[in-house]
1. Rounded to the nearest 10 degrees, what's the angle between the helix B:119-145 long axis and the longest principal axis of chain B, both from Cα atoms, 0 to 90?
2. Compute the acute angle (0 to 90°) between the alpha-carbon long axis of helix B:41-61 and the principal axis of greatest extent of the alpha-carbon atoms of chain B; round to the nearest 10°.
3. Could you give, in nm with one decimal, how far B:SER116 is from each other copy of that position, shortest first, with labels 7 Å out from Cα toward Cβ?
4. Put simply, what bits of segment A:54-89 lose 50 Å² or more of accessible area when the other protein chains are there, versus the chain on its own (1.4 Å probe)?
5. Any chance you could look up the accessible area of B:GLU29 with a 1.4 Å probe, heavy atoms only, rounded to 10 Å²?
6. Which angle from 0 to 90°, rounded to the nearest 10, does the C-alpha axis of helix A:67-84 make with the longest principal axis of chain A?
7. Run the numbers on segment B:1-136 and let me know its relative contact order in percent, using alpha-carbon pairs under 8 Å that are six or more apart.
8. A:ARG144 label points, 7 Å along Cα→Cβ, one per copy: pairwise distances from this copy to the rest in nm, shortest first?
There are 2 protein chains.
Amino acid sequence: MTLFPLYLAICAVPAAAGILFKPGAWYREIDKPTWTPPNRLFPVIWAVLYVLMSLAAARVAALPGTQVAIGLWSLQIAISTLWSAVFFGLHRMLAGAVIIALLWLAVLATTLAFLSHDTVAAVMMVPYLFWGTFALALNLSVWRRNPEAVSA
Amino acid sequence: MTLFPLYLAICAVPAAAGILFKPGAWYREIDKPTWTPPNRLFPVIWAVLYVLMSLAAARVAALPGTQVAIGLWSLQIAISTLWSAVFFGLHRMLAGAVIIALLWLAVLATTLAFLSHDTVAAVMMVPYLFWGTFALALNLSVWRRNPEAVSA
């Protein structure tokens with residue numbers, strides 16, 4: 001478990017992206033679906049997901065032959081960092097949806113790769129997979145509801 | 001070497017950040033030192049660095065007990081993704097300098113960790129370390145030359 005702090009430190013990078021690229025006036029004013037969660041919920045959900053995904057990665061990395069699984073985990077962290085910046089920084093809702101779809105695929109691939117090494121680690125990734133699905137739906141809905149905005 | 005394509009795919013994420021957050025009118029107009037390289041040089045340099053760092057990571061990941069070294073590599077990739085967005089997206093030059101300083105430290109830590117497993121891999125990281133030093137100097141210079149810009 002000595003790897004856990006290192007993975008949590010990597011999660012600090014997308015977390016920093018979330019802090020630097022905040023939902024501001026633009027996000028407040030665009031048309032959002034009724035099922036949009038309140039802003040204050042997002043950091044709480046991400047904090048839980050970061051702890052779970054870091055614990056899962058630390059378990060898997062300790063096992064031999066898990067380089068691909070851990071590589072996929074690194075891929076999803078980098079994509080996650082990019083999403084906040086593109087959606088909240090550039091206000092590009094379609095590009096955001098494409099990035100979050102790639103993120104979802106990377107999280108799915110990570111979870112399946114973890115499953116072949118350690119069931120507990122794969123289970124720890126499941127909340128992230130659900131959240132990714134929800135976030136993709138939210139991003140797509142926001143894109144479709146705001147056709148006049150700078151949304152490409 | 002089957003891991004090389006996976007690491008190169010991870011490098012596509014900071015590369016995408018560099019494409020989405022381009023140097024635009026803002027960067028053209030701020031005061032830059034005479035030793036600023038032309039814009040067209042940056043993608044070439046990064047392409048070479050991405051190939052080298054992916055080859056290095058693939059070599060190290062194939063060895064046993066290299067989880068921390070590969071974790072540090074993942075950390076630097078995530079930080080690199082964040083930098084383009086903060087500097088070119090938010091125009092925050094000081095925050096950019098802080099992020100690039102953290103990137104430099106992560107690249108140094110990765111190189112030293114690689115050195116303890118595989119000398120060739122460590123040597124492959126050296127150009128990145130030099131480029132990181134130069135990029136930090138350029139970012140700091142730009143920040144000091146533009147005190148009136150939104151530069152925090």
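The values are calculated or read from the model by the stated rules, or taken from the named source; none is laboratory data. These numbers were taken from a predicted model, which means no experiment stands behind them. Heads up, the Cβs are rebuilt from the backbone with ideal geometry, glycines too, and the neighbour counts pull from every protein chain shown. Keep in mind that these areas ignore ligands, DNA and RNA; they rest on the heavy atoms of the full protein, side chains included. Shrake-Rupley method; radii C 1.70, N 1.55, O 1.52, S 1.80 Å.
1. 10
2. Around 20 degrees separate the two axes.
3. Ordered by increasing distance: 3.0 nm.
4. Residues shielded by partner chains are A:GLN67, A:SER74, A:LEU75, A:ALA78, A:LEU82.
5. Looks like 150 Å² after rounding.
6. 20
7. 31
8. Distances between equivalent label points, in nm: 5.4.
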